[in-house]
Amino acid sequence: MINAKAKIKFDAKKVMAAAKRGNITSLGHAAAVIRLVARHSIRKSPKKSRAGAPPNTRKGRLRSAIKYAVSKSPPGAVIGPDVEVAGTSGKAHEFGGRYKKQRYDRRPFMKPALENVKPRLPKIWANSVKGS
């Protein structure tokens, strides 16, 4: 017969700090994946895309304008076209509307990117908290 004793020390503050760090890291990875999927959905073409499909871009400005930022407090991420680069054309494409006196049909690209990545999000967060 073998006798064994174990001593377990639980530090809730360390666990919470590790969980916060893991969450921010995973949030950044998820935002980057969504950005990548959105960028890949926008094709370069001189012709406009059909209504309901992701927009085409002539020079690549809309595609390159898609950025993301992660906030630690409160935890969150913002993903989408940078207004300083592409103006409000991203909004006009995503929701339909006017941009530079032209009417744009709805050509969403950000929401479909999120929907595409949604099933992969749990895997991105898996094992985000690791012991030291």
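Based on alpha carbons, the Rg and Dmax found for the chain are 21.2, 85 Å. Filter Lys13/Lys91; Lys44/Lys118; Lys13/Lys111; Lys47/Lys111; Lys72/Lys101 down to the pairs with a C-alpha to C-alpha distance above 31 Å, please. Over 31 Å Cα-Cα: Lys13/Lys91; Lys13/Lys111; Lys72/Lys101.
Put the Cα centre of region 111-132 next to the Cα centre of region 1-35 and the gap is 16 Å. Relative to the dominant Cα principal axis of the chain, helix 12-41 is inclined by about 20°. Taking the Cβ of Val117 as the center, what net charge do the other residues with Cβ under 12 Å away carry, scoring Lys and Arg +1 and Asp and Glu -1? Value of the local net charge: +4. In region 5-51, the portion of solvent-accessible area held by carbon and sulfur atoms comes to 61 percent [1.4 Å probe, whole percent, DNA, RNA and ligands not counted].
Length gained on full extension, Ser128 to Lys20, computed as 0.36 nm times the residue gap minus the Cα-Cα distance: 37.9 nm.
If R0 equals 30 Å, the separation of the Cβ atoms of Leu36 and Lys72 corresponds to a calculated FRET efficiency of about 0.85.
The values are calculated or read from the model by the stated rules, or taken from the named source; none is laboratory data. Just so you know, these numbers come straight off a predicted model, no measurement behind them. As a convention, Cβ positions derive from the backbone with ideal geometry for all residues, glycine included, and neighbour counts pool all protein chains shown. Ligands, DNA and RNA are excluded from the accessible area calculation, which covers all protein heavy atoms including side chains. Shrake-Rupley method; radii C 1.70, N 1.55, O 1.52, S 1.80 Å.
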